[in-house]
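Below: one structure, written as structure tokens.
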Amino acid sequence: MKIASSTIPPGALAALFLLGTLPARAAGPAQPREYLEARAFLTAEATGELLHDLGDGAFAPLEQPDEDYPTVMIDPGRTFQEIEGFGGAFTDAAAVTFAKLPAKTQEQFLQACFDPVEGNAYNLCRTTIHSCDFADAMYTYDDVAGDTGLTHFSIAHDEKYRIPFMKRALAAAHGNIKIFASPWSPPAWMKTNDDMLHGGKLRPEYARAWADYFVKYVRAYQTAGIPIWGLTVQNEAMATQVWESCIFTAAEERDFVRDHLGPALEAGGLGGVKLMIWDHNRGIMYQRAQVAYEDPAASRYIWGTAFHWYIGDHFDNVRLVHDAFPEKKLLYTEGGMHGSWASARRLARNMIMDLNNWTNGWVFWNLLLDQTGGPRHAGGLPGAEARTSNIINVDLATGELTFNPPHYVFGQFSRFIRPGARRIACTSNHDDLLATGFLNPDGKIAVVVFNAGKGDRQMQLWVGSKAIRYTLPAEGVITIVL
């Protein structure tokens, strides 16, 4: 196993076991308790530590913190949104690459990502409805023009690589993965530009057939042994791309959900599938949500708003969607990234800020790519970027996996914040210390702190008239479990 930009310190791999004490489900609410000890895990470029177990430490009495010592403060009695989970995307590129790995390397990958004790415990993952840009070819499940009855619909393409990959992941995760699916484009024959690429729109006369396509997809995957937990209406609904893409204005998306997709799912007995709108950047997500949610007939079908990070931060917009429509959920659904430490730092900041603004789960992009950043049938990425644009890469010539820094930073969240966890009140008195905290179903608390500063930072975690101190390296991430 190769670790990009760093090496694993002795004993670090053996230390990645804490989830054995954090079951995914636990009966009954947590009871108030006294905090005596905490265990911490650290990832930092400056020290070369990667999810390194710092061991147990003891709390010391401290009646109340002040502003002179950098402090993260938590109140476990004040809870907010519930977490659905964390994970990545089962793209065709990931599936084809996985199929080329030696059997031993496949097991290594599955354990590192999905094992709930030894790995990153991914439990919320995305997949695509037919092809996207990260696929070895462009295809759909029904390429017969005018087949509004979808009599030629078939997921045979996915049965070769993607479905077997997903089944292996489900087994490694002990069945505990929620999977949601997103289309990049309807089939070309349903579109105004007669092309799956370069934007275009859904022809109104095919709206019913496109809605039925979703129903056929969910049922076909269920039959294949892959339950579909959720759907998004359209990936990046305002982006005209050189790859698969389709434009929906806010009104068009609302009307499609209200008049076609929502009713089709309900009529097909799939009303429990979580339907999400937007699935694009944070910049105008409030305006998109407003159009759909202020129409009761459309809103009744919609579980929440999905969003990405590609243009600007705009974290306040995430919170505003929640504040305006608190009954709706928020899900971060795609984050493509480089395999660099810079990407790892961006990841830490974005995850903390999104979670603190009511996001219910966070899913990055490709689970696995090869040494070229592919396979990828479409253009759009410079070669140098493509070669480093993922959380895990593999050199197919050697079969060697490279777990890039974002893999470990993501694990600082996904290993310790369990499905069903609730965010707790968590504040910081120092601008460099970004933090978020969660109460897990078993009563354990996980607090993730990112030192955004360029120097080491002495800090403490304070709760219930007690505090515990740590040294957090420059731009390092620490998870404190108590």
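The values are calculated or read from the model by the stated rules, or taken from the named source; none is laboratory data. Just so it is clear, the model here is predicted, and its values are computed rather than measured. Neighbour counts run over all protein chains shown; Cβ positions are idealised from the backbone, glycine included.
Summary table below
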| read-out | value |
| --- | --- |
| Those residues of the range 303-317 which are crowded, with 19+ Cβ neighbours inside 10 Å and either of a type in the set (D, E, K, R) or touching a helix residue (DSSP H, G or I) at 6+ places or on another chain (Cβ under 6 Å) (or both), in sequence order | Thr305, Phe307, Trp309, Asn317 |
| When residues of the range 431-472 are limited to those that are part of a strand (DSSP E or B), over 19 Å from the mean Cα position of the chain (by Cα) and among the hydroxyl-bearing types (Ser, Thr, Tyr), the one nearest to Arg39 (Cα to Cα) | Tyr470 |
| Residue, surrounded by the fewest Cβ atoms within 10 Å (Cβ to Cβ), within the range 49-71, restricted to residues that are closer than 30 Å to Phe403 by Cα and over 25 Å from the mean Cα position of the chain (by Cα) | Gly55 |
| Total residues in the range 151-162, condition in a helix (DSSP H, G or I) and surrounded by fewer than 21 Cβ atoms within 10 Å (Cβ to Cβ) | 3 |
| Condition met for Ala209 (aliphatic (A, V, I, L, M) and touching an Asp or Glu at 6+ places or on another chain (Cβ under 9 Å)) | yes |
| Selection within the range 217-227 - more than 15 Å from Glu266 (Cβ to Cβ) and either charged (D, E, K, R) or part of a loop (DSSP other than H, G, I, E, B) (or both) | Ala224, Gly225, Ile226, Pro227 |
| Qualifying residue in the range 76-84 (condition: among the aliphatic types (A, V, I, L, M), at pLDDT 95 or above and under 30 Å from Pro326 (Cβ atoms)) | yes |
| Qualifying residue in the range 213-229 (condition: over 24 Å from Thr151 (Cα atoms) and touching a Phe, Trp or Tyr at 6+ places or on another chain (Cβ under 7 Å)) | yes |
| Any hit, the range 239-255, residues being in a helix (DSSP H, G or I), at pLDDT 95 or above and crowded, with 21+ Cβ neighbours inside 10 Å | yes |
| Flag if Leu330 is buried (at least 20 other Cβ atoms within 10 Å of the Cβ), in contact with a strand residue (DSSP E or B) (Cβ under 8 Å, 6 or more places away or on another chain) and either in a strand (DSSP E or B) or free of Cβ contacts under 8 Å to residues at least 24 places away in the same chain (or both) | yes |
| Residue that is farthest from Lys274 (Cα to Cα), among those in the range 177-212 that are aliphatic (A, V, I, L, M) and part of a strand (DSSP E or B) | Leu197 |
| Test: Thr359 is buried (at least 19 other Cβ atoms within 10 Å of the Cβ), under 15 Å from the mean Cα position of the chain (by Cα), more than 17 Å from Arg418 (Cα to Cα) and not assigned by TED's automatic domain parsing to the domain that holds Cys426 | no |
| Which listed residue is closer than 18 Å to Pro186 by Cβ and assigned to a strand (DSSP E or B), from His280, His260 | His280 |
| Restricting the range 388-429 to residues that are aliphatic (A, V, I, L, M) and assigned to a loop (DSSP other than H, G, I, E, B), the residue that is nearest to Asp115 (Cα to Cα) | Ile417 |
| Hey, Ala135 in the same structural domain as Gly225 (by TED's automatic domain parsing), in contact with a Leu (Cβ under 6 Å, 6 or more places away or on another chain) and crowded, with 20+ Cβ neighbours inside 10 Å or not | no |
